[in-house]
Amino acid sequence: MVNAGKPVPGAAEVQTFPWIQTQFATNSQAVIALQTSQDNIHQGEAEVIILALELNADLLLMDERLGRALAANYGLNVTGLLGVLLQAKRNGLIGFIQPLMDELIEKADFRVDNQLYLTLLQSAGE
C-alpha cells in the first residue's frame, strides 16, 4: 500500500505502469473478520492476506512485521522489499544492495533494523 500522505519514490510508477493490475479480495467479510480479530492489522494488510489466500499466491510481498507474521500463520510464503533486493542480487540483476537500501532509508523513510541491515549485507556478500 502506498502512503497517500507523503510522496514515495516509485508511487507514480506503481499507479501508471500498465503491467501492474489492481485487484481486490472478493470475500470482504473475511477481510473484515481478519481485521477485527487481530490487533494492529490494518485494512490493507487484511485485504492483501485474504486476496493472497483467494489467489493461492506463490509469494506475498509485505514489509509490515505484524502483517508478515499473520500471513505466515495462514501458510503464505512472505517476503519483503529487502528480500526482493537480495534475490535480485543473487540472480545477477543488480550489483549491490547496500546503495539501494541506503536510498530507501534516506529518501523513502524505509525503516530497517540495524541487525537486519547487517545480516542482509552479509548474506549478499557485501
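With point charges of +1 on the Cβ of Lys and Arg and -1 on the Cβ of Asp and Glu, referenced to the Cα centre of the chain, which listed residue (Ala30, Ser123, Ala52) lies farthest in the positive direction of the dipole?
Highest projection toward the positive end goes to Ser123.
Mean separation of Cα pairs under 8 Å and 6+ residues apart, divided by the residue count of the stretch 38-118: what relative contact order is that in percent?
19 percent
How big is the stretch 11-79 on each of its three principal axes, counting only the C-alpha atoms and giving the largest first in Å?
The principal-axis extents, from largest down, are 35, 24, 22 Å.
For the Cα atoms of the chain, what angle does the longest principal axis make with the long axis of helix 81-90, in degrees from 0 to 90, nearest 10?
Its long axis makes an angle of about 50 degrees.
Hey, rough spin-label estimate for Asn40 and Asp109, points 7 angstrom out along Cα→Cβ, what's it come to in nanometres?
My value for the distance between the label points is 1.8 nm.
Computed from the coordinates by the stated procedures, all read-outs in this text should not be read as laboratory data. If you're wondering where the values come from, they're calculated on a predicted model, not measured in any experiment. Positions of Cβ are generated from backbone atoms using ideal geometry, with glycine treated the same way; all protein chains shown enter the neighbour counts.
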